[in-house]
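Q: Okay, here's the structure, questions in a sec.
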Amino acid sequence: RIQSSRYARGRYRQMAGQRFDFVVGNPPWGGILKGRLAPIFDEHYKEQLAAEYRDTYSGKLDIYGLFYDRGLHWLSSGGTLALVTQGSFIDKEWAGPHTEFVRGEAREIMGLRRKLTERASLRCLIDLNPFGQLFFGAMNIPCIAVLEKRPPREDEAALVLLSSKKSWPKG
């Protein structure tokens, strides 16, 4: 966990240059909304994120998407990324390839799903939708995803458990 201080930012910069065999976490969830209720409400910071994550950032994304992007970046070749997040990246528009207009200028967004499928191999995806309220006392749709940072092979399989039929075509 990186606190916002001069010392911590220096530690973060040093750590950001390293590569890891495993990146595991449960990042915050919550769409980038408007106003002070949003996880990121500072417009300048949103612009910085959009510049840093040009191929996956979208104006209405869920904040955890940036953790997938950064986690994949931090992995060494063959490393494993495992995150507990919402399952909305499986079928929501913000996670797929699309065009976004920023100040009247068209920007092509690769999308999180495409980035993950091109740069990693899915090992396991478990949609815990039916258990969200039971286990977490919330209406969130928890999902466990495990990926390896390597190109996918034609002959491999992954464990995928999806509880919603609407996710099947896009997932």
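Q: Only residues that are part of a helix (DSSP H, G or I), open to solvent by less than 40 Å² (accessible area, probe 1.4 Å) and at pLDDT 85 or above: list them for segment 114-167, please.
A: The answer is LYS115, LEU116.
Q: Collect the residues in segment 61-89 that are under 24 Å from SER163 (Cβ atoms) and open to solvent by 50 Å² or more (accessible area, probe 1.4 Å), keeping them in residue-number order.
A: PHE67
Q: Quick one: LEU72 ticks every box in (1) within 28 Å of LEU128 (Cα to Cα); (2) modelled with pLDDT under 90; (3) assigned to a helix (DSSP H, G or I); (4) of a type in the set (A, V, I, L, M, F, W, C) except a single one, so which number is it?
A: Of everything listed in (1) within 28 Å of LEU128 (Cα to Cα); (2) modelled with pLDDT under 90; (3) assigned to a helix (DSSP H, G or I); (4) of a type in the set (A, V, I, L, M, F, W, C), LEU72 misses just condition (2).
Q: While we're here: So which residues in segment 90-113 are under 27 Å from ALA16 (Cα atoms), open to solvent by 20 Å² or more (accessible area, probe 1.4 Å) and in contact (Cβ under 8 Å) with a residue 24 or more places away in the chain?
A: Within segment 90-113, TRP94, ARG107, MET110, ARG113 qualify.
Q: Going by what's in this entry, would LYS46 be described as in a loop (DSSP other than H, G, I, E, B) and open to solvent by 20 Å² or more (accessible area, probe 1.4 Å)?
A: no
Q: Of the residues ARG19, ARG9, which single one is open to solvent by 60 Å² or more (accessible area, probe 1.4 Å) and modelled with pLDDT of 80 or more?
A: ARG19
Q: Restricting attention to segment 56-101, report how many residues are of a type in the set (A, V, I, L, M) and over 13 Å from the mean Cα position of the chain (by Cα).
A: Final tally of qualifying residues: 1.
Q: When you scan segment 59-68, do you find a residue that is at pLDDT below 80 and over 26 Å from ILE141 (Cβ atoms), even just one?
A: no
The values are calculated or read from the model by the stated rules, or taken from the named source; none is laboratory data. Remember, it's a predicted structure, so these values are computed and weren't measured experimentally. Positions of Cβ are generated from backbone atoms using ideal geometry, with glycine treated the same way; all protein chains shown enter the neighbour counts. Side chains included, ligands, DNA and RNA excluded: accessible areas come from the protein's heavy atoms. Shrake-Rupley method; radii C 1.70, N 1.55, O 1.52, S 1.80 Å.
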